[in-house]
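The values are calculated or read from the model by the stated rules, or taken from the named source; none is laboratory data. On a predicted model such as this, the values are computed, not experimentally measured, just so you know. Here Cβ is always computed from backbone atoms with ideal geometry, including for glycine, and neighbour counts include all displayed protein chains. Accessible surface is based on the protein model in full, side chains and every heavy atom, while ligands, DNA and RNA are left aside. Shrake-Rupley method; radii C 1.70, N 1.55, O 1.52, S 1.80 Å.
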Amino acid sequence: MSLKINEIYYSIQGESSYSGLPCVFVRLTYCNLRCSYCDTEYAFYDGENLEIKEILKKINSYKCNLVEITGGEPLLQKNYIKLIEELEKNDKKVLIETGGSLTIKNISKNTHIILDLKCPSSNMEHKNLWDNLKYIKKTDEIKFVIGDKIDYDWSKKIIKENDLENKCLILMSPVYDKIDNEEIINWILKDNLKVRFQIQLHKEIWDKDKKGV
């Protein structure tokens, strides 16, 4: 049983409520979306097929209990479910980040889901699978990547209409190098939104184009 893996590396979490913590990242190949601001186009096709036991061996070599499965879009490969099962059997805390176009209903209840709802400026808004909001747990997170005021107002509307503030943690991130952080923060404060503003911490530490960090 195998998965096509783009890269496995050990770094710190750059986003989410786990930001700043050491983490092993497993980046799966392929993506069904083409976001306007995508920073991982290299994961669309490049990778190698690895058996799950090989993936686990690499992960375990880092002596870290926090593991994030990401992409690309990790839900495109059906064996991601088996990988999660094996990681959780090995007492790993598993995070999975998904672009929100594929169902999350089959993901283990112990897995921490980071669901990226696509805002208008991504050009992928039409791909959001709204049924996923039924499966979000209180311990999960929903992320909005904001490129302009239209994105912000759209996100605010989605949050209110779906009562997301009471369902899980809400994250708001700027599109890197496109919008001023302070601008988004001012909007959040003015509207008293119960969201967590975040930046991509790893891009503040390393070069924004550096892979494997």
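What the table shows:
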quantity: Enumerated strands (runs of 3 or more DSSP E) restricted to segment 1-117, each holding at least 2 residues that are within 25 Å of Q200 (Cβ to Cβ) and aromatic (F, W, Y); calculated: 2-12
quantity: Every pair of residues 6+ apart whose Cβ atoms lie under 8 Å, when the first sits in segment 148-167 and is touching a residue at least 40 places away in the same chain (Cβ under 8 Å) while the second is part of a helix (DSSP H, G or I) and surrounded by 15 or more Cβ atoms within 10 Å (Cβ to Cβ); calculated: I158/L164
quantity: Residues being open to solvent by 10 Å² or more (accessible area, probe 1.4 Å), under 20 Å from the mean Cα position of the chain (by Cα) and not acidic (D, E) - total across segment 43-63; calculated: 3
quantity: Evaluation of C35 against (1) farther than 22 Å from K92 by Cα; (2) of a type outside the set (K, R); (3) open to solvent by 40 Å² or more (accessible area, probe 1.4 Å); (4) touching a helix residue (DSSP H, G or I) at 6+ places or on another chain (Cβ under 6 Å) (one fails), failing number; calculated: (3)
quantity: Options I69, I84, I52, I12; residue that is more than 23 Å from K143 (Cα to Cα) and either touching a Pro at 6+ places or on another chain (Cβ under 8 Å) or not aromatic (F, W, Y) (or both); calculated: I52
quantity: Pick from segment 167-201, criterion loosely packed, with under 14 Cβ neighbours inside 10 Å and in contact with a strand residue (DSSP E or B) (Cβ under 8 Å, 6 or more places away or on another chain), ranking: nearest to S17 (Cα to Cα); calculated: K194
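One line per residue, one yes/no per condition, for (1) more than 30 Å from K53 (Cβ to Cβ); (2) at pLDDT below 95; (3) open to solvent by 40 Å² or more (accessible area, probe 1.4 Å):
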| site | (1), (2), (3) |
| --- | --- |
| L76 | no, no, yes |
| I96 | no, no, no |
| S122 | yes, no, no |
| N132 | yes, no, no |
| K137 | no, no, no |
| I159 | yes, no, no |
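Residue-by-condition table, conditions (1) more than 17 Å from the chain's Cα centre (by Cα); (2) of a type outside the set (G, A, S); (3) farther than 14 Å from L33 by Cβ:
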position	(1), (2), (3)
K78	yes, yes, yes
I81	no, yes, yes
L87	yes, yes, yes
V94	no, yes, yes
E97	no, yes, no
I104	no, yes, yes
H112	no, yes, yes
K118	no, yes, no
S122	no, no, no
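To keep it simple, each residue is scored yes or no on (1) assigned to a strand (DSSP E or B); (2) in contact with a Ser or Thr (Cβ under 9 Å, 6 or more places away or on another chain); (3) more than 20 Å from K118 (Cβ to Cβ); (4) modelled with pLDDT of 95 or more.
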{"residue": "K143", "(1), (2), (3), (4)": "yes, yes, no, yes"}
{"residue": "K156", "(1), (2), (3), (4)": "no, no, no, yes"}
{"residue": "M172", "(1), (2), (3), (4)": "yes, yes, no, yes"}
{"residue": "Y176", "(1), (2), (3), (4)": "no, no, no, no"}
{"residue": "K190", "(1), (2), (3), (4)": "no, no, yes, yes"}
{"residue": "K208", "(1), (2), (3), (4)": "no, no, yes, no"}
